[in-house]
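Below: one structure, written as structure tokens.
The values are calculated or read from the model by the stated rules, or taken from the named source; none is laboratory data. If you're wondering where the values come from, they're calculated on a predicted model, not measured in any experiment. As a convention, Cβ positions derive from the backbone with ideal geometry for all residues, glycine included, and neighbour counts pool all protein chains shown.
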Amino acid sequence: MRPESEAELAEAVAGAQGPLTVRGGGTRGVVSQGDMLETGGLSGITLYEPGALTMVAQAGTPLAEVETALEAEGQRMAFEPMDHRGLLGTTGEPTIGGVFAANVSGPRRVQAGAARDFLLGVRFVDGTGAVVKNGGRVMKNVTGYDLVKLMAGAHGTLGVLSEVSLKVLPQPEAAACIVINGLSDEQAVAAMARALGSPFDVTGAAHAPVGVDGHPVTMIRIEGFDGSVAYRAEKLRALFEGDVSIERDPARLRAGWAWVRDVEIMHGQPGDIWRLSCKPSDAPNLVAKAGAAQVLYDWGGGLVWLRLTEGTDLRARLGAFDGHATCLRGAFPRFHPEAAPVAALTRGIRAKFDPKGILNTGLMP
Amino acid sequence: MQMPQPNPVILAKKARIVERLLSVLPADAVVHELAETRAYECDALTAYRCPPLAAVLPSTTQEVSDVLRICFEEGVPVVPRGSGTSLAGGALPTGDSVILGVARMNAVLETDYDNRFIRVQSGRTNLSVTGAVEETDFFYAPDPSSQLACAIAGNIAMNSGGAHCLKYGVTTNNLLGVTMVLMDGTVVELGGAHLDAGGLDLLGVVCGSEGQLGVVTEATLRILRKPEGARPVLIGYDSNEVAGACVSDIIKAGVLPVAIEFMDAPCIRATDDFSGAGYPKCEALLIVEVEGSETEIAEQLAKITEIARRHNPVELREAQNADEAARIWLGRKSAFGAMGNINDYMCLDGTIPVTELPYVLKRIGEMSKEYGLEVANVFHAGDGNMHPLILFNANQDGQLELCEALGADILKLCVEVGGCLTGEHGVGIEKRDLMSHQYAPADLEAQMAVKDVFDPGWLLNPAKVFPLGASEGRRSAALAAE
């Protein structure tokens, strides 16, 4: 099914006889059962006010269309959503609704916030076919419960997004990357903590134990006005010893951070793909326990990408820790099991929003 | 503003309830004499008052859990209270309710600079969170005007903002995790030192739920390193429209100031008389603050002043030193006090798209004339969060009602232009009955469904947020089950 309007979408959900797989562009590796319900027919930017830093778009609008419109006004989505296609081997066109349904955030998460922090309002169709709106298109809004946050990352299990409004930000004039070579994982996480704990407004902190040239590389990004970037780059460089350089070439910076954002290091490789969200300083120890074939640290260590031999139960290897492990490619349940009282709340909310249990059934615990 | 009638069944068993509360708390943590419960009869929305059945002051998560389990078993409504600074009546009790105050829970539990978070008990005041990490040049970003007094618990309940949230976001963007007790006494942990939710973002919906889903006892908060410096610039214009256009241009130009504050003529006059800040006599005043090192500040201010000059300001004053910076902020920071000095006032909190600023200010001016009540505007212009202050005389019959009617019309205007009823103060009882102007029945139903899951008996702060008519079925079903 591919409804062309919110009313048709509501009709499709209300009339569903069995489970529905909710799908934006189908690029995020979400697998469920039942008839396919695609949002691609709900497409188009409905409002864009660059002076108010806000955009409203139908959920099925291709991400590329949103990015092109923003680019024309010198703006961007500051949360830097990743493209999952290369990593997961999926095809199709990512949609703006899918970005928020999966709460997809990139390296700039550490400074600017996550997708959920930029989602100002939603319209969605719940599991009974009722149309619901929450939030709006203003920056500050505490009017009633924040169902916007609840919908961000719900992966379509509470309702099918029909429209999103988002906050956008101006593109910075300049950027720079401090590149440190040869650090161990522990040293890298400590270095990234030092950078992120400095007054120099770091917008990215990543570490690859094996970089493109086969050696460990740690990357620290800053962005802003030209003079300010130059000043902070020198200040940051001075924080570190050893093989430290500053990269200022815009094309190389774009490519380098896309490499981190899209986890290019693991493209086309066999095995299972896991995503670990943890306390940054715990990361090296967790990685040691994981025994992964490949590792990439982002968010200063708060996000770790792992490629493991097919069928390795990462959660069993790690035991209990502050955070969670998501299985993006592999035969394990996608989401980390929750503590009993939290799981009860999650189930309760799903039962309220989708009483027939038809939306992306079985995806969440 | 109506509140539900107290339940006579609960009033009749007060002695037993108090006795049970005393069995789990020290004697000095249970307040039940009428003379003493009056201390909890209202919050900062002082027009409405009602002493609670009792007030309890637990010191630990376990005590909070014990209290809630007892109230759950007895069917007693519970009204959580941080420091009682809500402007929306969020902590207003009913006569049959127990106030659960977290004021004694103010410890710092953990400070972690490497991972940039602090874990505190929820009764700790906002400013003292920064106080705990200031020595190492870190701070907690959300800064509501009441930050000296307001508690983190209340900040989380209302998803509080502040003057600097244009750059740093509001509470929800700086909250990493909570320990929360549900109405039946169950303790849940949501989030932690990691950055995102593993499943549904329950933390996201708890933040801003006005104490209706659970009682937060501990919070993990993101802390940030202080910038090297900060400096404001003051810009005066001869019309609100031009000042509004300047705000829009600054934002569009890619400068992200930490704050853009806006004051209109009535507010400028009152605050200047009160504080002696030496503001220019003009129609609209902007205070724009930027952060960074000396060179970075200079670079940003050069861009801002260039934009400001394009709009022909009547005054452009760049602070040259700390003293001048303080003088620029002096009037703005004493604005509410200044207005209170000359009049009774009601402070509104609607948010509008920044592009609608000139139109909304013009309409407020017209409505002010129609109602015969003066309105002064002071607000966070960068994010469109307005604070119209309606001046009235509380001692004159009918003036409060007239003021509330004008307030409701202004908030409806905010919704009409694509904005919302409240940007940072919360709904409480104050805007409860206006909710149906912003939300359709299905929208409110979806929100109330969340409360059904967390608090099926509708015992936590039950008469807030939703229009009484909309929540009545749920509240009376809970009573009948009792």
- request: Scan the stretch A:38-72 for residues that are crowded, with 17+ Cβ neighbours inside 10 Å, in a loop (DSSP other than H, G, I, E, B) and not aliphatic (A, V, I, L, M) and jot them down.
  value: A:THR39, A:GLY40, A:SER43, A:GLY60, A:THR61
message: If a residue must be aliphatic (A, V, I, L, M) and surrounded by fewer than 20 Cβ atoms within 10 Å (Cβ to Cβ), how many such residues does the stretch B:438-447 contain?
response: 2
field: Search result, residues across the stretch A:300-352 that are outside any helix (DSSP H, G or I), loosely packed, with under 15 Cβ neighbours inside 10 Å and in contact with a Gly (Cβ under 8 Å, 6 or more places away or on another chain)
entry: A:THR309, A:GLU310, A:GLY311, A:ALA331
- prompt: Quick one: would you say B:ASN174 is farther than 23 Å from B:GLY89 by Cβ, at the interface with chain A (Cβ under 10 Å from one of its Cβ atoms) and within 16 Å of the chain's Cα centre (by Cα)?
  reply: yes
query: Can you name every residue in the stretch A:210-243 that is hydrophobic (A, V, I, L, M, F, W, C), under 28 Å from the mean Cα position of the chain (by Cα) and not in a helix (DSSP H, G or I)?
result: A:VAL210, A:VAL212, A:VAL217, A:MET219, A:ILE220, A:ILE222, A:PHE225
- prompt: Do we have A:THR27 as buried (at least 20 other Cβ atoms within 10 Å of the Cβ), over 19 Å from the mean Cα position of the chain (by Cα) and on the phi < 0 side of the Ramachandran plot here?
  reply: no
task: Quick one: which residue in B:THR179, B:THR172 is in a helix (DSSP H, G or I), among the hydroxyl-bearing types (Ser, Thr, Tyr) and within 30 Å of A:PHE335 (Cβ to Cβ)?
output: B:THR172
All positions within the stretch A:6-37 that are within 30 Å of B:PRO353 (Cβ to Cβ) and in a loop (DSSP other than H, G, I, E, B): A:GLY24, A:GLY25
message: Any residue at all in the stretch A:133-152 that's out of contact with any Lys or Arg (no Cβ under 6 Å at 6 or more places or on another chain), of a type in the set (Ser, Thr, Tyr), surrounded by 22 or more Cβ atoms within 10 Å (Cβ to Cβ) and at the interface with another protein chain (Cβ under 7 Å from one of its Cβ atoms)?
response: yes
- prompt: From A:ASP322, A:ASP282, A:ASP298, A:ASP262, which residue is closer than 26 Å to A:SER198 by Cα, under 16 Å from the mean Cα position of the chain (by Cα) and of a type in the set (Asp, Glu)?
  reply: A:ASP298
- request: Identify, by number, the condition in (1) part of a helix (DSSP H, G or I); (2) in contact with a Ser or Thr (Cβ under 7 Å, 6 or more places away or on another chain) that B:GLU134 doesn't meet.
  value: (2)
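Residues checked against (1) at pLDDT 95 or above; (2) buried (at least 21 other Cβ atoms within 10 Å of the Cβ); (3) among the aliphatic types (A, V, I, L, M):
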| residue | (1), (2), (3) |
| --- | --- |
| B:GLU218 | yes, yes, no |
| B:ASP249 | no, no, no |
| B:GLY254 | no, no, no |
| B:ALA265 | no, no, yes |
query: Across the stretch A:221-230, which residue is surrounded by the most Cβ atoms within 10 Å (Cβ to Cβ) among those that are modelled with pLDDT of 95 or more and within 14 Å of another protein chain (Cβ to nearest Cβ)?
result: A:ILE222
field: Of residues in the stretch B:234-252 being touching a helix residue (DSSP H, G or I) at 6+ places or on another chain (Cβ under 6 Å) and of a type in the set (A, V, I, L, M), the one farthest from B:PRO388 (Cα to Cα)
entry: B:ILE250
message: Six or more apart or on different chains, Cβ atoms under 6 Å: show the pairs whose first residue is in the stretch A:1-20 and touching a residue at least 24 places away in the same chain (Cβ under 8 Å) and whose second is in a helix (DSSP H, G or I).
response: A:MET1/A:ALA12; A:PRO3/A:LEU9; A:PRO3/A:ALA12
field: Tabulated pairs, the stretch B:268-287, first over 14 Å from B:ILE328 (Cα atoms) and acidic (Asp, Glu), second assigned to a loop (DSSP other than H, G, I, E, B) and at pLDDT 85 or above, C-beta under 7 angstrom, 6+ apart or interchain
entry: B:GLU283/B:ASP238; B:GLU283/B:SER239
query: For the subset of the stretch B:103-122 comprising residues that are farther than 19 Å from B:ASP137 by Cα and touching a Leu at 6+ places or on another chain (Cβ under 8 Å), which member is surrounded by the most Cβ atoms within 10 Å (Cβ to Cβ)?
result: B:GLN121
task: Consider A:ILE358 carefully, then state whether it is more than 15 Å from the chain's Cα centre (by Cα) and within 14 Å of chain B (Cβ to nearest Cβ).
output: no
task: Look through B:LEU203, B:LEU213 and report the one residue that is part of a helix (DSSP H, G or I), at the interface with chain A (Cβ under 10 Å from one of its Cβ atoms), touching a residue at least 24 places away in the same chain (Cβ under 8 Å) and under 17 Å from B:SER122 (Cα atoms).
output: B:LEU203
- line: Selection from the stretch A:153-186 of residues in a helix (DSSP H, G or I) and either within 13 Å of chain B (Cβ to nearest Cβ) or closer than 26 Å to A:ALA72 by Cβ (or both) yields A:GLU186
statement: Residues of the stretch A:92-125 being of a type in the set (Gly, Ala, Ser) and more than 10 Å from chain B (Cβ to nearest Cβ), in sequence order, are A:GLY92, A:GLY97, A:GLY98, A:ALA101, A:ALA102, A:GLY106
Of residues in the stretch A:233-283 being within 14 Å of another protein chain (Cβ to nearest Cβ) and of a type in the set (Lys, Arg), the one farthest from B:LEU195 (Cα to Cα): A:LYS235
- prompt: Restricting attention to the stretch B:408-431, which residues are more than 8 Å from chain A (Cβ to nearest Cβ), surrounded by 24 or more Cβ atoms within 10 Å (Cβ to Cβ) and either touching a strand residue (DSSP E or B) at 6+ places or on another chain (Cβ under 8 Å) or of a type in the set (D, E, K, R) (or both)?
  reply: B:CYS414, B:GLU430
